[in-house]
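Reading through the structure tokens given below for one structure.
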Amino acid sequence: MSYVEKINHLLKPTLSGNPLVVDLFAGCGGLSLGFEAQGFETEGFEMDSDSCATYRKNLNGKCTQLVLTPETDLPPAKILIGGPPCQPFSVGGNQKGLKDSRDGFPIFIAAVKRLQPEIWLFENVRGLLYRNKWYLDEITQALQRLGYMIEIKLLNAVDFGIPQNRERLIVVGHQGNFSFPQPGERKITAGEALGELALQTPPTSKFLTPSMDQYVAKYERASSCKQPRDLHLDKPSRTLTCRNLAGATGDMQRIKLPDGRRRRLLLREAARLQSFPDWFEFIGSETSCFNQVGNAVPPLLAFHLAGRVRAYLKSPQRLSPREIESKQLPIQLSLPL
């Protein structure tokens, strides 16, 4: 089965009696789509109206548009997931940690405390593991005190059949006997993912002008790039971000055509590289849709995580919160070799 056939057929919402998953800061539903494709029921909470509309258009679960707070009323759920926005902290700035009201983690922690799910997980950028490790420690210690065994792993989407080098931090809280999905799938190239799309020039195509080419060349010289940062079809793409998809920057995602012209990546192409199925429809302006793709968890990665959550729920070998506390189990951290 080709990559495109796989995402189009595997990543479809199905219902098989699995319990409810509450998705906080759900975005357009990339994380929830992976769980729904594994048979879970989902309910999302998201402040952006376009993202909510996209979630509702494509998923079975409902999505409530609101600004989450630690006091937000949530439905009972055995599983809590999400991508809490992390307030960026400068080294010399006012580092308030969990006392910073602009940050999403106090909301996620409050939800864990209130719902007491059997398992929870959140996704975040890799920088939380390095530059802001002090804050990750503060978060995990607060969650561990709620009676969970916590494991942290840095996963790269390319290791799970997604045509994109995208490292993300995954943190899971459970009660024993959870295991992460194992990497090992064949690496998919951007060319294999895009197929005929990569050579097409639909009316919506945006070509780089000579002045933009000069700006890009200057950017690449200043960045010491060894080769142009065009999309190389013989390898996985670099990380898709809101900035390099929606913004006309030197780092923008672009394709070089056989005639030498370069055009910016199209929305459907970005969605494929992020493992969204072709049937998945994004709602909103072009910039809004690009931002939804750039912010999303790749649904195929979410599918693999959801499969491990499903296996965990079927496992009888779990510890009670009191047993976890009495054993003082350390937080498990796994980094790529």
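A compact table of results
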item: Histogram of C-alpha separations across segment 190-293, 10 Å bin width, %; result: 14, 50, 32, 4
item: Restricting segment 254-310 to chymotrypsin sites (Phe, Trp or Tyr not before Pro) in coil, as DSSP defines it, with at most 12 other Cβ within 10 Å; result: Trp279
item: Percent RCO, i.e. relative contact order, over segment 190-293, from Cα pairs under 8 Å lying at least 6 residues apart; result: 32
item: Protection proxy ranking, peptides 110-117, 160-167, 258-265, average beta carbon neighbours within 10 Å, highest first; result: 160-167, 110-117, 258-265
item: Order by protection proxy (mean Cβ within 10 Å, highest first), peptides 36-48, 60-72; result: 36-48, 60-72
item: Reach of Lys187 by Cα under 12 Å, taken over aspartates and glutamates that are not fewer than 8 positions away in the same chain; result: Asp159, Asp234
item: Whole-Hz ³J(HN,Hα) from phi, Karplus 6.51 cos²θ - 1.76 cosθ + 1.60, for segment 176-181, glycine and proline x; result: x, 6, 9, 9, 6, x
item: Value at 222 nm in deg cm²/dmol, rounded to 500, when DSSP H runs of n ≥ 4 in the chain each add -39,500 (n - 2.57); result: -9500 deg cm²/dmol
item: Using alpha carbons only: equivalent-ellipsoid semi-axes of segment 232-283, gyration tensor based, whole Å; result: 19, 14, 11
item: Placed amide H near Thr42: partners under 5 Å, 5+ positions off or other chain; result: Val21, Gly61
item: Above-threshold pairs, the threshold being 29 Å between Cα atoms, out of Lys113/Lys133; Lys57/Lys314; Lys12/Lys206; Lys6/Lys218; Lys12/Lys113; Lys6/Lys133; result: Lys57/Lys314; Lys12/Lys206; Lys6/Lys218; Lys12/Lys113; Lys6/Lys133
item: Contact order normalised by residue count of the chain, Cα under 8 Å, 6+ apart, percent; result: 21
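Where a number appears in this text, it was derived from the coordinates with a stated rule and is not lab data. Source: prediction; values computed, not measured. In this analysis, Cβ positions are derived from the backbone assuming ideal geometry, glycine residues included, and neighbour counts consider all displayed protein chains.
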